[in-house]
């Protein structure tokens, strides 16, 4: 089990050494997706490698894609001797399509992990204009309830309430102008709701160092340089993505602020709301719930608790 890092960032409670062979591969861990997991919406391929020049991933035998590498991971010091070992790659699982898929991970050309997982989509790559809020009874235990709400930026549901008699939460999502047309903090957004294991993500056309700061705490180095083909028109190249895994639960319930910096210049400042289930990492819970009339009348989705994500994922749509 990996320990929490400073301020709870980059938490993973199971060391998933899929395909790891210390005699032939780097000392590394692919933490998500896990073997046999269900994935939906905007997700994250994440983990750590002790020492690498280039980290890449490959889906379903297609071309490899470079992954941003070098995020601060204090929980890897015991294994690696230093802390700048995290990697993260944002992915829209919807683009892969419904069904079973495989991912392989490479460090300097050497494969260190592989996993097979199942994707559930809602029939489109990016669902726009949908809304829905549902109370899920008796979770995480009898007598307790959670409320989930569709979050378009995540293409998934997030937890917005947790109580015995949850009151409906009011969304305060609004847009904040970007500091520059060459930078974009995509998540969290101003006024957004966040829960579980999430991702601070976006892109910058050109930077040497990307950092984030939450609630005035110490700045954290963010892995930068992930392939983002959608930025080529603006930036003239594609290695512009950044991503930082965070356990929102560790921040606690309530409103928080995030500032983002590129080469020490602030380019984003947002406030967001976190809802927790009362612990940093909920273990041993399970639950599956049908949500009627989503994304429109006559359609239904089923969500299931996923412990590695500390959130619900969509496992069926009909």
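The values are calculated or read from the model by the stated rules, or taken from the named source; none is laboratory data. Treat the numbers as computed from the prediction; the structure is a model and nothing was measured. Every residue, glycine among them, receives a Cβ derived from its backbone with ideal geometry; neighbour counts consider all protein chains shown.
Computed quantities for the displayed model
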quantity	calculated
Qualifying strands (runs of 3 or more DSSP E) (wholly inside segment 40-94; at least 2 residues being touching a helix residue (DSSP H, G or I) at 6+ places or on another chain (Cβ under 7 Å) and closer than 20 Å to residue 126 by Cβ)	42-49
Residues of segment 290-307 that turn out to be touching a residue at least 60 places away in the same chain (Cβ under 8 Å), surrounded by fewer than 19 Cβ atoms within 10 Å (Cβ to Cβ) and either touching a strand residue (DSSP E or B) at 6+ places or on another chain (Cβ under 6 Å) or in a strand (DSSP E or B) (or both), as a count	1
Residue within segment 249-268 that is in a strand (DSSP E or B), crowded, with 17+ Cβ neighbours inside 10 Å, without any contact (Cβ under 8 Å) to a residue 60 or more places away in the chain and under 19 Å from the mean Cα position of the chain (by Cα) present	yes
Matching residues, segment 212-239, being part of a strand (DSSP E or B) and at pLDDT below 95	220, 221, 222, 223, 224, 225, 226, 227, 239
Of the criteria (1) crowded, with 19+ Cβ neighbours inside 10 Å; (2) farther than 17 Å from residue 246 by Cα; (3) out of contact with any helix residue (DSSP H, G or I) (no Cβ under 6 Å at 6 or more places or on another chain), which one residue 121 fails	(3)
Verdict on residue 313 being touching a residue at least 24 places away in the same chain (Cβ under 8 Å) and either assigned to a loop (DSSP other than H, G, I, E, B) or more than 12 Å from residue 38 (Cα to Cα) (or both)	no
Checking residue 240 against (1) surrounded by 20 or more Cβ atoms within 10 Å (Cβ to Cβ); (2) without any contact (Cβ under 8 Å) to a residue 40 or more places away in the chain; (3) closer than 20 Å to residue 195 by Cβ, the condition it does not meet	(3)
Test result for residue 210, touching a helix residue (DSSP H, G or I) at 6+ places or on another chain (Cβ under 9 Å), within 20 Å of residue 46 (Cβ to Cβ), in contact (Cβ under 8 Å) with a residue 40 or more places away in the chain and buried (at least 17 other Cβ atoms within 10 Å of the Cβ)	no
Residue count, segment 131-144 (criterion: assigned to a loop (DSSP other than H, G, I, E, B) and surrounded by fewer than 14 Cβ atoms within 10 Å (Cβ to Cβ))	5
Candidates 47, 43, filtered to the one that is crowded, with 20+ Cβ neighbours inside 10 Å, in contact with a strand residue (DSSP E or B) (Cβ under 9 Å, 6 or more places away or on another chain) and modelled with pLDDT under 90	43
Count of segment 216-231 residues which are surrounded by 13 or more Cβ atoms within 10 Å (Cβ to Cβ) and without any contact (Cβ under 8 Å) to a residue 60 or more places away in the chain	3
